[in-house]
Structures are given as C-alpha cells and as structure tokens.
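The structure under discussion appears below in the form of structure tokens.
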Amino acid sequence: MTVNTPSDLVEAKVNRRGFLFGAAGLAGAGVLVAACGSDNENTADSGDTGGDADNKADASGDAAVATFAAGLEVLAVNTYKGALDAATAGKLGAVPPAVATFVTTAMKHHQEHLDAWNGAITKGGGEAVTEPDATLNPVVAEKFGKVKDVGGAARLALELEEIAAATYLSALAGIKNKDSRKLAASIQAIDAKHAAILHFVLAEYPVPDVFAKTDKAAKPA
Amino acid sequence: MTIDDRAMAEVLEASQDIHSEGIKVAQAVLPQLEEIREDRRGKGINLAEIHRYNQGRRNLLRTLGLGGGNVAGKAALGGLGGLVTALIATPAHADEALDIQILQTASSLEVLAVATYEAALGLPFIKGGNKVVKAFAETTMKQHDEHRAAFQAQTEKLGGTKQTAPNAKFVPVVEGAKPGLKDALAVASLAETLETVATQTYLENIGQLDDTETVTLMGSVMGVETQHAATLRAVKALLMGGAPELIALDASVAAKLPAAAGAVAFPLAFEPTENAADPSTGALK
C-alpha cells in the first residue's frame, strides 16, 4: 500500500491498531498512543524488553508532538485568516494578485494539516485541538498588530512558515511511529515550499540554506 | 528419453542435503518465530516493517543469485540455511543494511543532480541567460554537492561503503532529456523532475529509516530539495507564461506576478511519495 495522503496514513494506523488513543497522563490533550505494538521498531531493534512501559513513554512523546503540531497549525490558519480579513478591509494597501492567491492557498494547506493531526487524534478518542499554541499565539498576535502592509504580512508569514518547518524537522527523530514521522515530514516539505515562495516575493533568495535548520523550531511550553 | 543414473543420484543427494539443511534451519528458527508470534500477538500489521523485510529479502536473494528465477544460483541453497539463520538472528544488522542502502541511493541522486546542473551551466542559454536562473543553477549545484558529501559521510559512519556513482535508474532519464535541452524551460523541467524525485525519495526514506541521526539529516536535506523544486515550478510557470523578466530578485516584481504564481509551486497540501526512488536503485551490490 502506498501511503500518500493523511487519509491513507490514518487508515493504515487504524487498520493495524497501532495508532491508539487514550488517557495516558497528558491532561487536557488528545493522547496519541502511536507507538503501541509493532510500530515500536526502535524499541524492538534495540532489544529492549521494557514492554508496555516503554510503549507508553514513546506514545506520550508522539502524542505531545501531535498536539503541539495541531496547535501550531491553528495558529497558522488564524494568522492567514487575519491577513486575509485585513487585506479585504483595505488595511494592507494594494494586494498583488499573487500574494492574495498565496494567502488563500497557504491557509487552506494549513487547515488540511490541522485536519490531518486532529483526524488522527479524534479517531483514537482524543479531543481535537482548536486553540492556537498558547506560547506562540501572543507573540504572533503582537507582531500581527504591527503589520501595516503586504510586505509586513509576508514577512510575518515567512517567519511562521520557517518556525513550522523547523519545528517539524526538529521533531522527526523523536517521533517513534514511522507513519506519524512521515506525516510530519510531508508537512515540513510543504511549509518549506511556502517559505521559498515568500522569500521570492520579498526579493530574497528562495533557498538560503544548504541544510534546513532547526534553530527556529518552537518547543512546547 | 534416457535417464543418467549417476546424474540422477547426484541430484537426489543434493536434494536430500537441501532437505536436511531446511529441517535444521526450521528447527533453529522455530523458537525465535514462536517468540515473535507471542510478542506480536494481536498487535496488527506494520506496513513499514513489511517493506523493510521484503527489501532485505530481495537483496539477500539477489546476493545469492536467486533473483529472477536464476536456476543456476540454486546450487547455493546448501549455504542458504546458514545465511537465513544469521539474518534472523541479527535483525538489527538487516535494518542497518537498509539504512545504508538508503544513504547510498541518496548519494547517487546527489551525484546525478550535481552532474546535471554542471551540464546545464555549460549550455549557452543558461551560462549567458537570466542571471537569477544562472545563479540558482550554480548555488543549487553546490548545495547538492554538500548533500552528497553529507550522505556519503553518514554512509561510512554507519559502516557502509560510500556510493560515488550516479543513480542508475535516473541516469537514463537525464541522458534521454539532454538532446531536448534547447532552452531554459527544458532545463528547468528536467531539474524540477530530479528535485521532486529527491524530495519524495527522502520523504519516503524518513518513514523507513531506523537511525535517528540519519532521519534528521534526511529531513534537513529534504527541506532544501523541496524548496529547489518549488522555485523551479515557479520559474517554469513564468517561462511558460512568457514572463521571464519576472524571474528576478527585485522588490517591484511581487506586484507584477500573475495570480497563479502564488499557488503554482505547491499544488498539494501534503508532499506525495509517488516519485520516490527505491532504496535499491542506488545501493552498492
């Protein structure tokens, strides 16, 4: 089976009972027990015999990533929506057609990313994440309040996309469930694409780094 | 038809040897299989693990000369039992082998990318054409060379042999395209193909790798190749739209870009993997 879409991923996870959800100590969040069972290849390969305790520890880590990622995606969707509303209200001055298209496209992508994470979480019985990341939200809100034109909006969008891409990259090695890891990488790729085009719009070289960096990665509070 | 009794006796003896060896293998492996069964009972199917197993199995068969129905290779069956036992007894080694194959294939894609950009830079309409396109080709070639070096170093770090040859599957793609490289659009199309293959290969690999350090390296390179691909898609669109003057790093350009330029670089919300190269395509035999 080729796994190319979030639906495929979710289906694969549900089918093999490897993507279970439940209360495992993370209060207030949908808990993703992603590495349960045969998914926990790292543990198996290392000859670890810790059993359920290790599985739960891995699952807690994956759950935290899923929840945090969903919070980031809510923030991205809200920010793009805010930019769209401001542009529609004429608060950003003249909006070039390509920038308008970019905003609606990127917002749609982030909504799909959010839906993917929440789809996985709710299928396991967890609660969908609907609030933006509590740490980043006030920071972005403050910056958004200072945006006066399209250039400023594009700069803020670039910052968000780079934070998102770096966060996913930073999280990859720690995600035990390989399908979840691939989903995160798939989203990282799209966010990096968004950043490249924003660089171009801002008259900057679109691929500034030889290796994608993690220094802008956000971390859960 | 006559029967050569002596030859028949040899065949029968060989058959008995194979049977005996098979019984020994089964007896040796059975307790381990029982352990695995108990461990995995009720835990469902792991697609990635099946892929890894099949990959390792194909490679083993190829190594033994048994792939593609190679009858002559069946003479090696006597030694197969020992190899299978060893393979099953050391699953970590088998997993590590796939990680090395992945890195070798990644290296082979980077070698091919460097060679392709180098060839493109020799074409008069790139060398003397749009400055941004030329700068992009030069910078991207250097970035791919650094990716190659990183993948090769990681291959050796994991105990493998570094791959220095271009990817065997995609060399014909590049060679086949070369006669048609008559303008910048054709070059951008070929480059985009290679960047997309690299991006999707590394994405697929991220879901297959065991070594976490390699996962981060692969994600880091993928994050750059995907930006190459996005840029090339935008460049292609502007060339096809007859607006090469908009391929410029100039603050005035944004206002002139057509609406489609805001979406053409990323047609999907999730990067697919349908164009990913199989880890065997660049692996050293």
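The values are calculated or read from the model by the stated rules, or taken from the named source; none is laboratory data. What you see is a predicted model, and the numbers here were worked out from it, not measured in a lab. In this analysis, Cβ positions are derived from the backbone assuming ideal geometry, glycine residues included, and neighbour counts consider all displayed protein chains.
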Of the conditions (1) in a loop (DSSP other than H, G, I, E, B); (2) crowded, with 17+ Cβ neighbours inside 10 Å; (3) charged (D, E, K, R), A:Glu112 fails just one. Which one is it?
(1)
Test set (1) without any contact (Cβ under 8 Å) to a residue 60 or more places away in the chain; (2) touching an Asp or Glu at 6+ places or on another chain (Cβ under 9 Å); (3) within 7 Å of chain A (Cβ to nearest Cβ); (4) among the charged types (D, E, K, R) - B:Asp250 fails condition number
(2)
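Given the criterion small (Gly, Ala, Ser), farther than 16 Å from B:Leu284 by Cα, within 23 Å of the chain's Cα centre (by Cα) and modelled with pLDDT of 95 or more, identify the matching residue among B:Ala135, B:Ala113, B:Ala106, B:Ala92.
Values: B:Ala135 fails: within 23 Å of the chain's Cα centre (by Cα); B:Ala106 fails: farther than 16 Å from B:Leu284 by Cα; B:Ala92 fails: modelled with pLDDT of 95 or more.
After applying the criteria, what remains is B:Ala113.
Please go through region B:255-278 and give me each residue that is in a loop (DSSP other than H, G, I, E, B) and facing chain A (nearest Cβ under 7 Å), ordered by number. Write out each step before concluding.
Of all residues in region B:255-278, those in a loop (DSSP other than H, G, I, E, B) come to B:257-258, B:263-278.
Within region B:255-278, B:Leu257, B:Pro258, B:Ala263, B:Ala265, B:Phe266, B:Ala269, B:Phe270, B:Glu271, B:Pro272, B:Thr273, B:Glu274 meet the criteria.
B:Val235: modelled with pLDDT of 95 or more, touching a Phe, Trp or Tyr at 6+ places or on another chain (Cβ under 8 Å), in a helix (DSSP H, G or I) and surrounded by 18 or more Cβ atoms within 10 Å (Cβ to Cβ), yes or no? Step through it out loud before you land on a result.
Numbers: modelled with pLDDT of 95 or more: yes; touching a Phe, Trp or Tyr at 6+ places or on another chain (Cβ under 8 Å): yes; in a helix (DSSP H, G or I): yes; surrounded by 18 or more Cβ atoms within 10 Å (Cβ to Cβ): yes.
So B:Val235 fits the description; yes.
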Residue within region A:171-181 that is free of Cβ contacts under 8 Å to residues at least 24 places away in the same chain and assigned to a helix (DSSP H, G or I) present:
yes
Checking the condition in a helix (DSSP H, G or I) and within 11 Å of another protein chain (Cβ to nearest Cβ), which residue from A:Phe211, A:Phe200 passes?
A:Phe200
